[in-house]
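Here is the structure we will look at.
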Amino acid sequence: LEELLKQDTLAEDTLAFYLEQAYLSGKRDEALKTYERFKVTLKNELGLDPLESTEQLANTIRRSAPLTFPTTQPQTESKPI
């Protein structure tokens, strides 16, 4: 994941996955440093802020809170009898 981020420093989906994996691997500080670098680069190069979901992920990591992952319910089709 680090190599992917080096190749595309603004790939926010890759960043989010990296943050999750780094945090779950006990590398909280590295995850936060990587997020801050991304945030500065995004602002400097494109004048944008991270997605709200990425900011929420970073806040969760800052609080050392457990990560929660959205669950989806399978959709079932109702068929007439």
Subject >> Top-ranked residue of the range 1-16 - restricted to ones that are of a type in the set (A, V, I, L, M) and assigned to a helix (DSSP H, G or I), ranked as least open to solvent (accessible area, probe 1.4 Å) >> reply: Leu15
Subject >> Hits in the range 17-52 - residues which are within 10 Å of the chain's Cα centre (by Cα), assigned to a loop (DSSP other than H, G, I, E, B) and exposed (fewer than 15 other Cβ atoms within 10 Å of the Cβ) >> reply: Leu51
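The values are calculated or read from the model by the stated rules, or taken from the named source; none is laboratory data. Keep in mind that what you see is a predicted model, and the values were worked out from it rather than measured. Methodologically, a virtual Cβ is constructed for each residue, glycine included, from the backbone with ideal geometry; neighbour enumeration extends over all protein chains shown. Note: accessible area is taken over every heavy atom of the protein model, side chains too, but ligands, DNA and RNA are not part of it. Shrake-Rupley method; radii C 1.70, N 1.55, O 1.52, S 1.80 Å.
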